[in-house]
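S.K.: Take a look at the following structure, please.
The values are calculated or read from the model by the stated rules, or taken from the named source; none is laboratory data. For clarity, every value in this text was computed on a predicted model and none was experimentally measured. Here the Cβ positions follow ideal geometry from the backbone for every residue, glycine too, while neighbour counts run over all protein chains shown. To get the accessible areas, we keep the full protein, side chains included, count just its heavy atoms, and leave off ligands, DNA and RNA. Shrake-Rupley method; radii C 1.70, N 1.55, O 1.52, S 1.80 Å.
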Amino acid sequence: MAAIHFGYTISKPRAIDLDRNNLRKSDEILREMPELQTCIGCGSCTAVCTAGNLTEFNFRKVHTLVRRGEYQGAYEEMNKCMLCGKCRLVCPRGINTRGVVLLIKRKLGDF
Amino acid sequence: MNFFVPFCIPFIVGAVAMFITLAWKWGLWLYRLPRADKKRIVCGLPTRATLDAAGEVVCESLLHRRIFRVNPLLGYMHMSLAFGWFLLIAVGWAETIAYVGFRWVPLQGHVFFRYFATGLPHKPVFAFIMDLLLLFVLSGVALAWGKRFFSKRMGMRRTTRHVLGDRIALSALWFIFPARLIAESTTCALYEGGGFLTGTIGAWMGEHISTMTLLTLESVAWWFYSSCLGIFFVALPFSRYMHIFTEIPLIFLRRYRLRSDEKESSYDRFQVDACSRCGICIDPCQLQSVLGVDNVQSVYFLRDRRYGMLRAEVADNCLLCGRCAQRCPVQIDLNTLRINSRDRLHNIPAERRYDYLKGVDRSSGTGKVGYFAGCMTLLTPRTLVAMERIFHAAGEEVWWADRDGSVCCGRPLKLAGETDAACKMREYNTELFRKHGITTLVTSCPICLKVFREDYALDGIEVLHHSQYIFRLIQSGRLAIERGAGQFTYHDPCELGRGSGIYDEPRAVIEAIGLLLEPVDTRENALCCGSSVANTAITDGQQLQIARSVTAELEATGAGTIVTACPLCKKALGRGAVHAEVRDLSEIVADAVSK
Ligand code: SF4
Ligand code: SF4
Ligand code: SF4
Ligand code: SF4
Ligand code: SF4
């Protein structure tokens with residue numbers, strides 16, 4: 001049966017071994033922005049994202065991976081953000097998302 | 001008369017040190033100015049600008065007219081110190097000439113003239129004027145003392161907390177004039193003369209104190225006076241009092257059209273050092289009044305920047321609402337300075353960034369009038385729908401720049417300090433507008449409006465805020481409006497009001513629809529909604545707190561509807577409102593369009 005195309009894709013399932021990842025940067029980020037821990041992964045930020053509407057960029061995915069210690073490429077990804085602030089207005093947890101973008105870039109500039 | 005005694009040494013050393021430091025600082029700042037700025041100065045020198053600047057120096061640096069407008073008592077305090085001291089020097093100079101004729105007298109001869117003049121015949125008119133002036137300055141000093149304890153009486157809830165250099169200079173300054181009073185009085189006690197102040201005190205001292213004691217006291221008092229002056233002069237270029245000498249060149253440079261920009265430049269030094277740390281910018285700041293954050297206001301930002309101890313936490317925690325800049329008596333361009341500090345802290349090279357924008361064009365329509373919704377308007381679709389209805393009712397053919405996906409205008413990036421990246425957005429959007437050959441660009445977001453007007457090179461395209469556009473439609477009869485019984489209050493968005501000077505059009509439009517009720521803080525003094533994209537530091541809860549305080553004031557007008565003209569303000573106020581409805585200007589217009 002041909003799959004119905006709903007206009008979005010689903011990421012491939014994968015396993016992250018938290019014991020193997022170095023969480024130092026992640027801890028630093030969460031210490032400076034504790035509210036990020038309250039993210040419920042709803043994806044509203046990504047749904048409205050100006051940049052995500054024009055290119056492959058998924059804000060929720062990037063910050064979720066960073067929290068899990070997967071830093072590879074996060075800086076480059078975050079550089080796609082235009083800091084427009086729409087995500088901040090829709091986040092149901094009131095997370096300072098623009099602050100998150102800037103913080104991740106500051107912490108992971110050398111990855 | 002040789003005009004030298006040992007007690008002059010502290011004064012001379014201080015004065016020489018001060019002038020060397022000043023010359024060095026000014027020279028360096030001027031030398032480092034970009035070539036274009038230097039050219040502006042040279043071209044401006046022989047024009048009217050020079051005269052105007054001189055006039056402004058008298059009004060502001062001496063008389064402090066703008067502070068008078070904030071609070072008369074505070075203005076008097078600043079004026080008595082500045083203008084009074086200036087007159088003391090000027091009249092003192094005249095006094096010396098009157099006594100000894102036109103001959104060269106060294107600096108200390110003028111300053112300590114009363115000490116040297118004891119052998120000369122008495123000139124009561126000068127003695128009287130000089131005493132009057134001294135009293136004038138002393139009244140200012142007394143007020144300055146008082147301000148420390150009763151700041152509220154001078155219209156200030158909070159006063160500035162000072163650094164060590166300031167405290168030294170401040171203490172020296174506070175003692176200079178009382179010391180002068182005592183020194184001159186003791187001299188009068190010994191040699192007679194003096195006016196109603198020094199003469200009277202001197203006579204009293206002469207009666208009650210023995211001559212031997214008076215002789216010692218005289219030497220001590222003059223030494224003390226001279227030391228206070230010396231300490232003050234040495235500390236001056238490193239303290240807030242540097243503003244005395246920096247405001248003057250700043251006024252001239254500003255008249256020659258030098259401006260600060262998104263990148264730091266040498267001209268900024270004149271602005272930064274011209275801050276007198278008067279603290280007038282503290283009270284209007286809502287981060288202070290609502291949130292109790294009290295170390296980020298412009299006065300502290302400038303202080304930290306000046307001494308090279310600026311931290312990102314301070315630079316970033318500001319709404320760039322402009323409420324402080326609006327009040328600043330020195331008219332420092334506070335927002336731009338904040339932006340270029342952020343640029344230094346956060347800018348990253350952006351050659352390869354946003355390559356994904358190549359070839360993107362989601363626009364539709366063919367009109368010569370372009371409509372740019374902006375990211376925020378796309379999140380407030382009612383505004384978008386209302387604009388659609390208005391365009392339709394007016395029969396306007398519209399080119400929709402970004403209805404199906406926008407590229408940001410770039411201002412949020414600029415406000416965050418990523419100015420190179422903002423440049424990319426500018427390039428992209430400019431090319432898009434040019435490609436579609438529009439002649440008018442309408443936007444419903446004041447943040448976009450400001451960047452289009454100030455940073456884009458859009459010659460040949462008129463940029464309008466939707467409030468201006470709608471106002472024109474109504475005025476020219478293209479849009480018929482029915483007046484109703486609605487009662488509205490209007491929130492001035494910062495970027496639209498203080499930022500772009502648009503206050504009247506939105507009000508005229510509202511008055512065409514219903515009754516407009518003004519809140520307490522309105523127009524130039526309007527409050528910020530708190531959700532400004534310029535602030536990446538405060539939390540959601542803090543934004544909400546500010547929004548609540550603002551809507552409380554708006555609701556106090558009794559209006560059933562809060563109208564604003566910024567999608568971001570609408571979102572922010574919508575969260576804070578308790579019983580009023582929050583709507584964009586376009587929505588109430590669309591509802592009132594005659595069927
Ligand atoms: S601020 Fe960045 S992440 Fe958030 S919506 Fe805008 S482009 Fe997307
Ligand atoms: S909108 Fe907020 S809560 Fe939802 S995924 Fe994004 S950051 Fe997390
Ligand atoms: S920025 Fe302006 S208002 Fe604020 S302390 Fe300095 S001079 Fe005064
Ligand atoms: S711009 Fe606004 S938020 Fe920033 S310091 Fe001035 S008053 Fe406070
Ligand atoms: S959203 Fe409106 S009120 Fe709020 S900071 Fe921006 S312009 Fe000012």
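S.K.: Could you tell me which of the residues B:N335, B:N429 is under 27 Å from B:K570 (Cβ atoms), more than 13 Å from every other protein chain (Cβ to nearest Cβ) and of a type in the set (S, T, N, Q)?
M.R.: After applying the criteria, what remains is B:N335.
S.K.: Among the residues of the stretch B:343-365, write down those that are closer than 30 Å to B:A312 by Cβ and open to solvent by less than 50 Å² (accessible area, probe 1.4 Å). Before you say what the answer is, go through the steps one by one.
M.R.: Taking the stretch B:343-365 as the starting set, the residues that turn out to be closer than 30 Å to B:A312 by Cβ are B:343-357.
If the condition is that a residue be closer than 30 Å to B:A312 by Cβ and open to solvent by less than 50 Å² (accessible area, probe 1.4 Å), then B:D343, B:H346, B:N347, B:I348, B:A350, B:R353, B:Y354, B:Y356, B:L357 are the ones that fit.
S.K.: Can I ask one more? Give B:G370, B:G365 a once-over and let me know the one that is within 25 Å of B:T430 (Cα to Cα), in contact (Cβ under 8 Å) with a residue 40 or more places away in the chain and away from every other protein chain (no Cβ under 14 Å).
M.R.: Checking each option against the conditions leaves just B:G370.
S.K.: Just one of B:R103, B:R69 is assigned to a helix (DSSP H, G or I), out of contact with any Lys or Arg (no Cβ under 7 Å at 6 or more places or on another chain), open to solvent by 70 Å² or more (accessible area, probe 1.4 Å) and at pLDDT below 95; which is it?
M.R.: Within the list B:R103, B:R69, the selection yields B:R69.
S.K.: Considering B:S226, B:S171, B:S151, which residue is crowded, with 16+ Cβ neighbours inside 10 Å and modelled with pLDDT under 95? Break it down into steps so the answer makes sense when it comes.
M.R.: On the way: B:S226 fails: modelled with pLDDT under 95; B:S171 fails: crowded, with 16+ Cβ neighbours inside 10 Å.
Testing whether each residue is crowded, with 16+ Cβ neighbours inside 10 Å and modelled with pLDDT under 95 leaves just B:S151.
S.K.: Could you tell me whether the stretch A:67-83 includes any residue that is within 16 Å of ligand 5 (Cβ to nearest atom), open to solvent by less than 30 Å² (accessible area, probe 1.4 Å) and either among the acidic types (D, E) or modelled with pLDDT of 95 or more (or both)?
M.R.: The answer is yes, given that some residue of the stretch A:67-83 is within 16 Å of ligand 5 (Cβ to nearest atom), open to solvent by less than 30 Å² (accessible area, probe 1.4 Å) and either among the acidic types (D, E) or modelled with pLDDT of 95 or more (or both).
Residue by residue, here is whether (1) within 16 Å of ligand 4 (Cβ to nearest atom); (2) within 14 Å of chain A (Cβ to nearest Cβ) holds:
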site	(1), (2)
B:P249	no, no
B:R257	no, no
B:Y267	no, no
B:A274	no, no
B:G292	yes, no
B:F301	yes, no
B:A315	yes, yes
B:V330	yes, no
B:A350	no, yes
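S.K.: Out of A:R67, A:R98, A:R20, I need the residue that is more than 10 Å from every other protein chain (Cβ to nearest Cβ) and either within 16 Å of ligand 4 (Cβ to nearest atom) or without any contact (Cβ under 8 Å) to a residue 24 or more places away in the chain (or both). Which one? Reasoning before the result, please.
M.R.: On the way: A:R67 fails: either within 16 Å of ligand 4 (Cβ to nearest atom) or without any contact (Cβ under 8 Å) to a residue 24 or more places away in the chain (or both); A:R98 fails: more than 10 Å from every other protein chain (Cβ to nearest Cβ).
Of A:R67, A:R98, A:R20, the one residue that is more than 10 Å from every other protein chain (Cβ to nearest Cβ) and either within 16 Å of ligand 4 (Cβ to nearest atom) or without any contact (Cβ under 8 Å) to a residue 24 or more places away in the chain (or both) is A:R20.
S.K.: Of all the helices (runs of 4 or more DSSP H) wholly in the stretch B:242-328, which have at least 1 residues that are closer than 30 Å to B:V520 by Cβ?
M.R.: On the way: elements: B:242-255, B:267-273, B:286-289, B:298-306, B:312-316, B:323-327.
Per the criteria, B:286-289, B:298-306, B:312-316, B:323-327.
S.K.: Also, quick follow-up: What are the pairs with Cβ atoms under 7 angstrom where one residue, in the stretch B:518-536, is outside the structural domain of B:C375 (by TED's automatic domain parsing) and the other, located anywhere, is within 16 Å of ligand 2 (Cβ to nearest atom) and open to solvent by less than 20 Å² (accessible area, probe 1.4 Å)? Sequence gap at least six, or different chains.
M.R.: Qualifying pairs under 7 Å: B:G530/B:Q543; B:S531/B:Q543; B:V533/A:G85; B:T536/A:N96; B:T536/A:R98; B:T536/A:G99.
S.K.: Another question, then. For A:L89, are the conditions met, namely being facing another protein chain (nearest Cβ under 8 Å) and surrounded by 18 or more Cβ atoms within 10 Å (Cβ to Cβ)? Spell out the reasoning first.
M.R.: Numbers: facing another protein chain (nearest Cβ under 8 Å): yes; surrounded by 18 or more Cβ atoms within 10 Å (Cβ to Cβ): yes.
When the stated conditions are applied, A:L89 passes them.
S.K.: Let me ask something else about it. So A:L54 clears everything in (1) touching a residue at least 40 places away in the same chain (Cβ under 8 Å); (2) in a loop (DSSP other than H, G, I, E, B); (3) surrounded by 14 or more Cβ atoms within 10 Å (Cβ to Cβ); (4) of a type in the set (A, V, I, L, M, F, W, C) except one condition, right? Which one?
M.R.: For A:L54, the exception is condition (1).
S.K.: Just give me the residues in the stretch B:371-418 being surrounded by fewer than 24 Cβ atoms within 10 Å (Cβ to Cβ), under 24 Å from A:G99 (Cα atoms) and away from ligand 5 (no atom under 16 Å from the Cβ), in sequence order.
M.R.: If the condition is that a residue be surrounded by fewer than 24 Cβ atoms within 10 Å (Cβ to Cβ), under 24 Å from A:G99 (Cα atoms) and away from ligand 5 (no atom under 16 Å from the Cβ), then B:G405 is the only one that fits.
S.K.: Next question, about the same structure. Among the numbered criteria (1) in a helix (DSSP H, G or I); (2) small (G, A, S); (3) over 13 Å from the mean Cα position of the chain (by Cα), which one does A:G109 miss?
M.R.: Unmet condition: (1).
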